[in-house]
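This report concerns only the one structure given below.
The values are calculated or read from the model by the stated rules, or taken from the named source; none is laboratory data. All values reported here derive from a predicted model rather than from experimental measurement. Positions of Cβ are generated from backbone atoms using ideal geometry, with glycine treated the same way; all protein chains shown enter the neighbour counts. For the accessible areas, the whole protein counts, side chains as well, though only heavy atoms, and no ligand, DNA or RNA atoms are used. Shrake-Rupley method; radii C 1.70, N 1.55, O 1.52, S 1.80 Å.
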Amino acid sequence: MSADLLHESAIGHVTGGAVYIDDLPHPEHLLVGKIVCSPHAHARIASYDLAAARAVPGVLAVLSAADIPGANQVGPVVHDEVLLATDEVTFIGQAVFIIAAETEDQCRTAERAIRVTYEPLPAIVDLRSAMATGALLGPPRRIVNGDPVAAIRKAPHRLAGELETGAQEHWYLETQAALCTPGEGPRMNVFSSTQHPSETQALVAEVLGWPRNAVEVEVRRLGGGFGGKETQANHTACWAAVLAHATGRPVKIRLFRDDDMIMTGKRHRFLSHYEAGFDGDGLLLGVTIELNSDGGATTDLSFAILERAMLHADNCYHVPAFSVTGSVWKTNLPSNTAFRGFGGPQGMAVIETIVDRVARELGRDPAEVRRKNFYREAPCATTHYGQVVEDNHLSVIHDRILATSSYRERRAAVAAFNARHEFVKRGIALTPVKFGISFTTTFLNQAGALVHIYTDGSVLVSHGGVEMGQGLYTKIRGIAAAELGIDPALVRVGATNTARVPNTSATAASSGADLNGMAVKNAIDAIKARMADALAGKFSQQAGGEATRPVDLAFAGGMITDGKHPDRSMTFGAAVQWLYLQRISLSAAGFFSPEGIGWDREAGRGRPFLYYAFGIAVSEVTIDLLTGAHTLDRVDILHDVGDSLNPMIDRGQIEGGFVQGMGWVTTEEILWDARGTLLTHSPDTYKIPTAGDVPADLRVALLEGVPNPRVIRNSKAVGEPPFMLALSVWLAIKDALSAIAGHAVEPLFSLPATRERIVLEAERLRTLARSERQ
Ligand code: MTE
Ligand code: MOS
């Protein structure tokens, strides 16, 4: 189809022509909004006085929770999150007051003039302490299949351990932003950097005490979301809306980078425990995994994220007896939230650690042990939650990537290199991914669209999805052009707006193109059916003889043609003009919800996912044992995107997801001090990968010839799955470390594998290896 249609904003992104909220022309009388945050992780607000702040020249509003006209509540699932603190603060960075003034400087002066007395209370700012005190955010969850405890007891080999995986900052280039303009009567117009316009609309309406029809949210594009704007853009929009309502003037808030990093939640850090039983071939017989996540101060999406972690704790491996339990613990930190993979990476890191250890204990090649445990034909095709892994491409991908990456030869070369070098070691690792596509909260799997064909033949497509750089608008444009059989240049995708398409779900779970693409097709099908009926009548009348049937009309190449009588045809543009004169509607709303999915959360059984996306990566690293530095020498990826909607964009998603995952497993380390102060709150202390960190030799290939008939134009979702392929980088580093002691000692390893961790573990293993030789 529209293969390799250029990203609709590619030129705008690099020239500055792409407009973000902060670039919108300033409305008259625009005010600046500012948030005043808690300096304590946990404290009682004993008293406050806003009079002096309100008297600062240029300041139009200084508001507290008492000034919110509607509900002081922004919890997206559980209503446990206030917009502004009332009598208690529960994390550093929590909003307590909001200010609107003519200038940023006046906001700062007002902030300094606020008098607040806090009475500090005991705070819990680390996961182990939260677990020790029993502070749960909700009841633990459990999914069990078979009797893993007995299976492990009977197994010829056993292992057990603990794994820590770290938090991660989203580092979207555009920080949280909103511009709210009050209208006539109860009416608020909101530009928000949200992944979820309908939820932003709902919460703005609730905090203002209005019905939703009074609030319109528009989103043209985000400068990245990565899950960090799925729920946590709502706050900024609500603060701006409350200030705009109080002052009767437009208010813009754009968080400063450090404030954004301090105030908003991150990827959940996890502390996990595992036990596994296996046979002498490395086949897993029983596994138990206990996942513990740091939820932060409120619930946010923590349980959905925990659920996805539990549903991906198997990754690609069939384990006949398996149990996964999960708990979300409450800490005095900002509420952790969605981040690419949505718990999947945390769950997979555990089973990948298990398989890696099994291989080391048995002295086998980990790539072979992985292959042995892959889901395969029945009875080894069913997951621990009862879904059958259909259309499984794992073995095909494994066969191909072993060959194309020269895995075996390179493993031998790595071993030879390690035998020759004392202070530099190499490692290589292959890791697979199987990622379930669908929201596990089944009702969220729905989407809407609105398509207008204008009388000049140009087309405006609206849908519920949000463009955040991932190329959704480009894919939608390609889909619409292909379905109408016209040049993509005739199609424009309009800004996402709650007044055009209502009641939508977040653009998340990688399903933006799957769901919205099908809703767009549904709308186009409705228009095409009307067009075909009228045109068939016209063709039949003109030609005489055998009638043209509407079903025989083909929309292709900018023409509408009777497939049975190719001489009966009309250009798309002429047809549209004629249909308008015949008083035929050229506009339709579309809707889509996939069938055949369902998930019983209580029983832990069902078919939560419409299908799975598969991929495998092979990564090779060199580590310097004296500095802990590593280089990623080569990466091979083979990934399954079905029939790609746009190979160039899909490749971009695979590369981008992989590199973001690479950051999570290596350099990105989030640290808080004992008071709960974020120490890594700017780019000088928090290290995300840059263009220079992209592996010089990165070979990405799309699996060919694997149409996915369940989805629009046989495609597959691609947004999140490649993130988890970066576990290969992490395990390649572990493989290199493990070479220090001849692969005989299990490296102590957690995630991220920072330089410090690498250097300390290298030192420990070198000492061990030396003492062994003596
Ligand atoms: N790619 C870019 N460039 N920017 C983003 O913010 N978000 C990721 C992924 N790829 C993101 C991205 C996440 S977390 C998800 S869920 C999907 O895109 C969402 O978009 P999709 O459903 O259209 O794939
Ligand atoms: Mo993505 S974490 O589902 O926004």
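Residue pairs whose Cβ atoms lie under 6 Å apart, sitting 6 or more positions apart in sequence or on different chains, and linking a residue in segment 211-227 that is touching a residue at least 60 places away in the same chain (Cβ under 8 Å) to a partner that is β-branched (Val, Ile, Thr) and more than 16 Å from ligand 2 (Cβ to nearest atom), are Val215/Val204; Glu216/Thr498; Val217/Val190; Val217/Thr498. Among the criteria (1) within 28 Å of Val251 (Cβ to Cβ); (2) buried (at least 17 other Cβ atoms within 10 Å of the Cβ), the one Arg54 does not fulfil is (2). Considering (1) assigned to a loop (DSSP other than H, G, I, E, B); (2) more than 30 Å from Asp356 (Cβ to Cβ), the lone condition that Trp171 does not fulfil carries the number (2). Put simply, of Ile428, Ile453 the only residue that is closer than 29 Å to Met559 by Cα, of a type in the set (A, V, I, L, M) and touching a residue at least 24 places away in the same chain (Cβ under 8 Å) is Ile453. Evaluated against (1) more than 16 Å from ligand 1 (Cβ to nearest atom); (2) in a helix (DSSP H, G or I); (3) open to solvent by 10 Å² or more (accessible area, probe 1.4 Å), Ala701 falls short on exactly one condition, (2).
Of the residues His79, His29, the single one that is open to solvent by 60 Å² or more (accessible area, probe 1.4 Å) and on the phi > 0 side of the Ramachandran plot is His29. Beta carbons closer than 8 Å, at least 6 apart along the sequence or on distinct chains, pair a first residue in segment 376-392 that is more than 25 Å from Gly705 (Cα to Cα) with a second that is aliphatic (A, V, I, L, M) and outside any loop (DSSP other than H, G, I, E, B) for Thr383/Leu311; His384/Ile143; His384/Val144; His384/Val324; Tyr385/Ile143; Tyr385/Leu311. Among the residues of segment 726-742, are any within 16 Å of ligand 2 (Cβ to nearest atom), within 26 Å of Asn418 (Cβ to Cβ) and hydrophobic (A, V, I, L, M, F, W, C)? The answer is yes, given that some residue of segment 726-742 is within 16 Å of ligand 2 (Cβ to nearest atom), within 26 Å of Asn418 (Cβ to Cβ) and hydrophobic (A, V, I, L, M, F, W, C). A residue that is more than 16 Å from ligand 2 (Cβ to nearest atom), in contact with a helix residue (DSSP H, G or I) (Cβ under 9 Å, 6 or more places away or on another chain) and either open to solvent by 30 Å² or more (accessible area, probe 1.4 Å) or more than 30 Å from Phe423 (Cα to Cα) (or both) can be found somewhere in segment 653-662.
Restricting segment 708-732 to residues that are in contact with a Gly (Cβ under 6 Å, 6 or more places away or on another chain) and more than 15 Å from His639 (Cβ to Cβ), the residue that is most open to solvent (accessible area, probe 1.4 Å) is Asn714.
Would you check which residues across segment 593-636 are closer than 22 Å to Ala309 by Cα, among the hydrophobic types (A, V, I, L, M, F, W, C) and in a loop (DSSP other than H, G, I, E, B) and list them? Within segment 593-636, Ile597, Ala603, Phe609, Leu610 qualify. Given the criteria open to solvent by less than 10 Å² (accessible area, probe 1.4 Å), acidic (Asp, Glu) and within 16 Å of ligand 1 (Cβ to nearest atom), does Glu230 qualify? Judged against the criteria, Glu230 is not a match. Considering only segment 370-392, I want to know if a residue exists there that is buried (at least 16 other Cβ atoms within 10 Å of the Cβ), more than 30 Å from His268 (Cβ to Cβ) and at pLDDT 95 or above. Yes; the residues of segment 370-392 include at least one that is buried (at least 16 other Cβ atoms within 10 Å of the Cβ), more than 30 Å from His268 (Cβ to Cβ) and at pLDDT 95 or above.
In the set (1) under 30 Å from Ala359 (Cα atoms); (2) within 16 Å of ligand 2 (Cβ to nearest atom); (3) in a loop (DSSP other than H, G, I, E, B), Ser293 fails one condition alone, (3). A single entry from Asp673, Asp600, Asp640 fulfils the requirement of being surrounded by fewer than 18 Cβ atoms within 10 Å (Cβ to Cβ) and touching a strand residue (DSSP E or B) at 6+ places or on another chain (Cβ under 9 Å): Asp600. What number of residues within segment 1-39 satisfy the criterion of being in a helix (DSSP H, G or I) and not polar (S, T, N, Q)? Within segment 1-39, residues that are in a helix (DSSP H, G or I) and not polar (S, T, N, Q) number 8.
Mind listing whichever residues of segment 332-344 are farther than 17 Å from Val77 by Cβ and within 15 Å of ligand 2 (Cβ to nearest atom)? Of everything in segment 332-344, those that are farther than 17 Å from Val77 by Cβ and within 15 Å of ligand 2 (Cβ to nearest atom) turn out to be Arg340, Gly341, Gly344.
Here Leu444, Leu450, Leu460 are screened, and the one residue that is open to solvent by 40 Å² or more (accessible area, probe 1.4 Å) and either within 15 Å of ligand 1 (Cβ to nearest atom) or closer than 30 Å to Leu581 by Cα (or both) is Leu444. Taken together, the residues in segment 134-164 that are farther than 25 Å from Pro345 by Cα, buried (at least 16 other Cβ atoms within 10 Å of the Cβ) and among the charged types (D, E, K, R) amount to 0. Does at least one position in segment 103-115 carry a residue that is open to solvent by less than 10 Å² (accessible area, probe 1.4 Å) and more than 30 Å from Gly657 (Cβ to Cβ)? Checked segment 103-115: at least one residue is open to solvent by less than 10 Å² (accessible area, probe 1.4 Å) and more than 30 Å from Gly657 (Cβ to Cβ). Part of a strand (DSSP E or B) and in contact with a strand residue (DSSP E or B) (Cβ under 8 Å, 6 or more places away or on another chain): is that true of Ile428 in this structure? Here the answer is yes, as Ile428 does meet what is asked. Based on what the data block shows, is Trp664 part of a strand (DSSP E or B) and under 21 Å from Val433 (Cβ atoms)? No, not satisfied.
What do you reckon, is Gly347 assigned to a loop (DSSP other than H, G, I, E, B), within 16 Å of ligand 2 (Cβ to nearest atom) and more than 24 Å from Gln94 (Cα to Cα)? For Gly347, the condition - assigned to a loop (DSSP other than H, G, I, E, B), within 16 Å of ligand 2 (Cβ to nearest atom) and more than 24 Å from Gln94 (Cα to Cα) - is not met. Of the helices (runs of 4 or more DSSP H) entirely within segment 174-282, those holding at least 2 residues that are within 15 Å of ligand 2 (Cβ to nearest atom) occupy 197-208.
Yes/no per residue for (1) within 15 Å of ligand 1 (Cβ to nearest atom); (2) touching a helix residue (DSSP H, G or I) at 6+ places or on another chain (Cβ under 8 Å); (3) charged (D, E, K, R):
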position	(1), (2), (3)
Leu679	no, no, no
Asp697	no, no, yes
Gly705	no, no, no
Arg710	no, no, yes
Asn714	no, no, no
Met724	yes, yes, no
Ser728	no, no, no
